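The values are calculated or read from the model by the stated rules, or taken from the named source; none is laboratory data. Nothing here was measured: the structure is a model prediction, and the numbers come from that model. When we count neighbours, we look across all protein chains shown, and the Cβ atoms used for this are built from the backbone with ideal geometry, even at glycine.
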Amino acid sequence: MKKILVLLFVLVLLAAALPIVGNKLVSSVLDEKIELLHDNGIDVKDTIVESSYLHTKIHYEFLLQESEKFFAYLNQSSHGEIPSYIQDAIDGVLLGVDVSYSNVPFMNNIVVDIYPIKLSSNTMDTLQESDKNFYNFVNTFLSKKGILYNLQYDMISEGFSGYLKDINESYVDNDGTNLKFSLVGMSYQGSGNLIAPNILSSQLQTISIEAIKDTFEMKFNLLDLHTESEFASKSKYANAVTLGSFDLSMSGDDNVSMNAKNVQVSMSADTQDAFAQIYAKSSFEQMQVDANALKASMEGFNYDISIVDLDKDALEELQDILGEAKNSQSEILELKMKESFIKLLSRGVTLNIDDFSFKKLVLDKTQDLKGISISSEITFKEDPALANKLLYTPALLAQNLDTDIKLKISKEIFNKINETTPIAALVLQYAKEEANNLVFEMIMHDGEVMINGRDIKR
């Protein structure tokens with residue numbers, strides 16, 4: 001009996017100690033992350049802890065003290081560079097972060113709310129001097145946590161999910177313009193490191209923007225946006241975006257409207273090996289444009305393009321230079337970009353257009369011009385002497401290019417092109433007819449060009 005009582009006593013002590021142990025485990029992880037932020041330009045300005053036996057809440061205030069250092073840390077996970085004007089805009093921003101978690105071990109979810117408390121002093125001083133009403137609006141908006149990201153993070157699995165708080169705001173500008181902005185139903189989920197997740201997806205129900213002044217009215221609506229991203233590594237990734245619809249309209253002296261339905265865009269890249277591959281696809285069910293000089297609608301648009309056999313080292317060199325150019329521009333940088341691009345081409349590259357097409361094009365709501373489709377393989381051959389050719393013998397560049405292009409174009413579109421570009425009639429003699437379409441297959445090799453099997457020099 002005594003042994004049982006001792007065992008029960010030990011078990012009770014262990015159970016009582018578990019929340020204390022759990023609190024220490026989470027606390028040590030948070031301390032580690034805060035130290036990492038401090039090392040990369042973000043300082044803790046205030047900390048308020050509310051802790052009970054089973055639960056802990058902590059309020060932090062973080063000051064983005066050195067944005068350049070912080071963005072350098074973020075850029076470690078990407079070839080892309082964040083532009084300097086964005087860094088300047090958020091330098092000195094004060095963020096509120098509310099963290100809550102259970103002290104019981106193995107209940108691993110940490111819930112975090114992140115929201116800006118104040119913009120940088122420079123930004124707020126400029127606003128106060130130039131537009132006191134908007135300054136007050138921004139202060140009120142931030143004070144009610146107008147922009148708030150919620151994050152629920154599992155420390156063990158590194159899975160996370162969350163949402164952006166809905167935004168519904170209106171504002172009357174000094175010139176009398178009525179502005180309305182709405183963002184509803186944004187959520188996200190993913191896994192991996194929060195700075196560089198392996199998988200990330202998001203959903204957005206709607207974004208709506210409206211501006212009205214006197215006889216002028218502008219409206220923009222975006223519905224059902226979904227994104228999917230997978231990052232196997234910094235050099236291998238895939239992104240996809242689908243959009244239910246968007247509408248843009250402006251009325252006043254000039255009436256303009258544009259809308260699209262079922263838009264899909266995807267891109268992937270693999271630069272792990274010596275040669276990089278980049279793939280891009282896009283499609284939409286329908287798009288309409290109605291403006292003073294243009295009234296057109298297009299249906300069944302699709303493109304599927306890939307760039308392969310890109311030299312990895314030359315590509316990364318060009319990406320780094322382009323990243324520099326986002327932050328500063330100079331004649332030296334322009335020259336470096338040109339030289340880097342020529343270097344990339346000199347290593348050889350192939351562009352494949354598996355499909356570029358649309359099924360229907362209607363002008364002025366009455367002219368049905370039917371469709372068009374293009375497929376091709378274009379190879380720019382490796383040539384160490386490319387830079388010299390560009391300078392001294394540009395006429396020889398045609399020998400560097402091999403192409404195989406197939407074009408199927410409706411007679412209606414061809415005739416429309418011929419109205420403004422009569423030279424199109426010169427290639428008509430090479431065309432093959434296929435139902436209501438004209439077909440051209442152009443092959444170019446070593447500077448020799450053939451269309452539908454006929455040498456165009458003859």
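The condition (being under 19 Å from residue 177 (Cβ atoms), touching a Leu at 6+ places or on another chain (Cβ under 7 Å) and not basic (Lys, Arg)) is satisfied by just one residue among 220, 246, 275: 220. Residue-level analysis places residue 96 among those that are part of a strand (DSSP E or B), among the small types (Gly, Ala, Ser) and at pLDDT 85 or above.
Could you check segment 393-433 and list, in sequence order, the residues that are modelled with pLDDT under 85 and among the hydroxyl-bearing types (Ser, Thr, Tyr)? If the condition is that a residue be modelled with pLDDT under 85 and among the hydroxyl-bearing types (Ser, Thr, Tyr), then 420, 421 are the ones that fit.
Looking at residue 186, is it closer than 30 Å to residue 102 by Cα, over 19 Å from the mean Cα position of the chain (by Cα) and either surrounded by 15 or more Cβ atoms within 10 Å (Cβ to Cβ) or not aromatic (Phe, Trp, Tyr) (or both)? No; evaluated as a whole, the condition is false for this residue. Of the numbered criteria (1) in contact with a His (Cβ under 7 Å, 6 or more places away or on another chain); (2) surrounded by fewer than 16 Cβ atoms within 10 Å (Cβ to Cβ); (3) among the acidic types (Asp, Glu), the one residue 98 fails is (2). Inside segment 400-437, can you point out the residues that are closer than 30 Å to residue 347 by Cβ, part of a strand (DSSP E or B) and either without any contact (Cβ under 8 Å) to a residue 12 or more places away in the chain or not aliphatic (A, V, I, L, M) (or both)? Within segment 400-437, 402, 403, 404, 406 qualify. If you check residue 326 against the conditions, is it over 30 Å from residue 438 (Cβ atoms), in a helix (DSSP H, G or I) and in contact (Cβ under 8 Å) with a residue 60 or more places away in the chain? When the stated conditions are applied, residue 326 passes them.
Identify the residue in segment 311-320 that is over 18 Å from residue 267 (Cβ atoms) and of a type in the set (D, E, K, R) and, among all such residues, is modelled with the lowest pLDDT.
Among those residues, the one meeting the criterion is 320.
Among the candidates 187, 257, which residue alone is touching a strand residue (DSSP E or B) at 6+ places or on another chain (Cβ under 7 Å) and under 23 Å from residue 166 (Cβ atoms)?
Answer to the check: 187.
The set of residues in segment 264-293 being within 30 Å of residue 213 (Cβ to Cβ) and among the β-branched types (Val, Ile, Thr) consists of 289 alone.
Residue 37 meets the stated requirement of being modelled with pLDDT of 75 or more, assigned to a helix (DSSP H, G or I) and either under 29 Å from residue 157 (Cβ atoms) or small (Gly, Ala, Ser) (or both).
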